[in-house]
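Report on one structure; see the data block that follows.
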Amino acid sequence: MSRLLYVGQQVADDLKNKVSENIVRYREGNFLDFEAAGDWRISLSFDADLARLHALESDGGSESEIKNSLLVGEVLSKLTPTLARENRIWIRLSHIECLEYSRKRWLQADMDDDDLAEAVSKHFFAPTLTTCRDDHAVSRLWWNYRIARQLVPEAPDRALKVILARADIRLNFLERPGVAARATLGRGIVRALEKNPALLAGELLFRVFMKTVNLRGAGFVFEIWDDNRIDQFMDRCIKEARTASARKPTM
Amino acid sequence: MLDGHMTMDDPSVSALIADGHARAGLMITCQDTYLDSFEEFQPGEIQFDLSGGKVRGSVIVRGVVVAAQDGLVLKSKSINSEFPPAARVVQLGDIIALTDELRFEAGLEKLAPLESIFRLKRHEDVAEGIFKIDLDSEAIEILVAPGLHGFLSLLREQPLRDTLLSSLFLPVVMSVLEAMRGEEAYSDRRWHGVMSARCNAVGVDIKNGDLADAAQQLLNAPLGSLQKVIERVSG
């Protein structure tokens, strides 16, 4: 266990401004000499067992994404949502402790320098809500876990299996904070997906279902509904989505 | 800590809450940290603890009254008589009353000094006496020719430095706000995050507000600072 560290603002700015200059380091080297000499070790007030992050799997498959999200969520369990939006924590992790994982997962050896620099900017830095939630190699895993735990606190792995079953499901959940952030509603969607495998199987049906939930749910304070009522609402939305998606021509 | 006092303007809504037919509370939303919750409160003094890393960036709070049962008939005299009886029946979870939004900016970005996102940079290709702005880096780079760079660097160390607020930073901030208004291209730059937080904190509407007004607000009345400097040196 060791203190969780983050980089100084000037280090963060320099790294982002000099991705192209450091392209060889991203491709095959490391930043350990920079780390030893510069302002890379600002300490947070809690410990984390970062050595466990060496077990991150880089194949990008759904199973690996679930395992990785659980791992990052557990290792960085003391991180609050406020801190988890701090770019400089994630910059440190993707450049030092999780460099190998981030490189193998998001950079390809046959990329030319421009494409590589673009991929580095996208997956090694987390300056905005969307880059932090969707793109940064490690922070996206933390947010997967966080949202899964918000939905099913007693078994976040159950929610992860549903959310990460397909990329479009993750996007629909996470890109609609009005759904994912409202635990009562989000839990209902998780239960609906578990009960109705067809929703997980068809991209069109799921998309129409989420649109229906949004449309039919507008203006309700779901938080005062019980699970039974939420499930009935979901059943109605699934029925409506089935009818609507059956009418849509497949593209 | 969020604290305040919740009152109802409409006696019929108060009666619904008192009788248990409706429930009151706060809808608290913070998109940046995925917080979207309904916290129930009785009318009167209310307090809600937002510490412990729950919020960052824009936070929106609304008072709300919600129907606590199906088939609840609303009898408020404030409902326009054109609404037929059927339109006055609400179901469990329907919103009966809503306040205006209370918005505030949480986090430390808004407190970052503006100087921390500006960098004066020497540039051989800029003509003497003028400046150019480069927004592609993490800080806003103000590019000037070597001669002017030397002069401005000296001036920034002196009491007269406040003259730069109106002569240099006012047009720079206006230009930056215009760039932020126009496109999302710079949203991943650090300066963009700090400027957005500052704007939210002082209530500047980047998309629609007047740029000169906004820049003067962000720089805290720079012509007033100029006036003070001139009065000091001439008095």
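The values are calculated or read from the model by the stated rules, or taken from the named source; none is laboratory data. Note that the coordinates shown come from a computational prediction; the quantities given were computed from them, not determined experimentally. Backbone-built Cβ (ideal geometry, glycine too); neighbour counts: all protein chains shown. Note: accessible area is taken over every heavy atom of the protein model, side chains too, but ligands, DNA and RNA are not part of it. Shrake-Rupley method; radii C 1.70, N 1.55, O 1.52, S 1.80 Å.
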Across (1) open to solvent by 20 Å² or more (accessible area, probe 1.4 Å); (2) away from chain A (no Cβ under 13 Å); (3) part of a strand (DSSP E or B), B:ILE95 clears everything bar (2)
Picked from region A:106-158 (must be more than 10 Å from chain B (Cβ to nearest Cβ), aliphatic (A, V, I, L, M) and not in a helix (DSSP H, G or I)), the residue most open to solvent (accessible area, probe 1.4 Å) is A:ALA109
Among residues of region A:217-250 being of a type in the set (A, V, I, L, M) and touching an Asp or Glu at 6+ places or on another chain (Cβ under 9 Å), the residue most open to solvent (accessible area, probe 1.4 Å) is A:ILE224
- [ ] Might you let me know whether region B:4-16 holds any residue that is crowded, with 17+ Cβ neighbours inside 10 Å, at negative phi, in the same structural domain as B:GLY71 (by TED's automatic domain parsing) and part of a loop (DSSP other than H, G, I, E, B)?
- [x] yes
The residue that is nearest to B:ASP136 (Cα to Cα), considering only those in region B:206-229 that are modelled with pLDDT under 90 and out of contact with any Leu (no Cβ under 7 Å at 6 or more places or on another chain), is B:LYS207
| query | Do we find that B:GLU105 is closer than 19 Å to B:ARG198 by Cβ, open to solvent by less than 40 Å² (accessible area, probe 1.4 Å) and either in a loop (DSSP other than H, G, I, E, B) or touching a Gly at 6+ places or on another chain (Cβ under 6 Å) (or both) in this structure? | reply | no
Residues in region A:41-67 that are closer than 17 Å to A:ASP135 by Cα and in a loop (DSSP other than H, G, I, E, B) total 6
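Going through region B:72-90 one residue at a time, which ones are under 22 Å from B:ASP100 (Cβ atoms), surrounded by fewer than 18 Cβ atoms within 10 Å (Cβ to Cβ) and β-branched (Val, Ile, Thr)? Steps first, please.
Taking region B:72-90 first, the residues under 22 Å from B:ASP100 (Cβ atoms) are B:74, B:76-80, B:90.
Going one step further and asking which of them are surrounded by fewer than 18 Cβ atoms within 10 Å (Cβ to Cβ), we end up with B:76-80.
The answer is B:ILE79, and nothing else.
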Among residues of region A:216-228 being in a helix (DSSP H, G or I) and more than 7 Å from chain B (Cβ to nearest Cβ), the residue farthest from B:LEU26 (Cα to Cα) is A:ASN228
Over region B:108-131, the set of residues within 12 Å of chain A (Cβ to nearest Cβ) and open to solvent by less than 60 Å² (accessible area, probe 1.4 Å) is B:GLU109, B:ALA112, B:SER116, B:ILE117
Item to complete: Within region A:180-190, identify whether any single residue is free of Cβ contacts under 8 Å to residues at least 60 places away in the same chain and in a loop (DSSP other than H, G, I, E, B), and answer yes or no.
Response: yes
When region A:12-44 is checked residue by residue, the ones that are within 14 Å of another protein chain (Cβ to nearest Cβ) and either free of Cβ contacts under 8 Å to residues at least 12 places away in the same chain or of a type in the set (Lys, Arg) (or both) are A:ASP13, A:ASP14, A:LYS16, A:ASN17, A:LYS18, A:GLU21
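With respect to A:LEU70, is the statement that it is outside any loop (DSSP other than H, G, I, E, B), open to solvent by less than 20 Å² (accessible area, probe 1.4 Å), among the hydrophobic types (A, V, I, L, M, F, W, C) and farther than 20 Å from B:THR33 by Cβ true?
Spelling it out, it is not the case that A:LEU70 is outside any loop (DSSP other than H, G, I, E, B), open to solvent by less than 20 Å² (accessible area, probe 1.4 Å), among the hydrophobic types (A, V, I, L, M, F, W, C) and farther than 20 Å from B:THR33 by Cβ.
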Here the qualifying pairs (Cβ atoms under 6 Å; residues six or more apart or on different chains; first in region B:53-70 and of a type in the set (D, E, K, R); second in a loop (DSSP other than H, G, I, E, B)) come out as B:ARG56/A:THR82; B:ARG56/B:GLY107; B:ARG62/B:THR99; B:ARG62/B:GLU101; B:ASP70/B:GLN91; B:ASP70/B:LEU92
Restricted to region B:49-71 and to residues being surrounded by fewer than 18 Cβ atoms within 10 Å (Cβ to Cβ) and away from chain A (no Cβ under 12 Å), the residue nearest to B:LEU2 (Cα to Cα) is B:ASP49
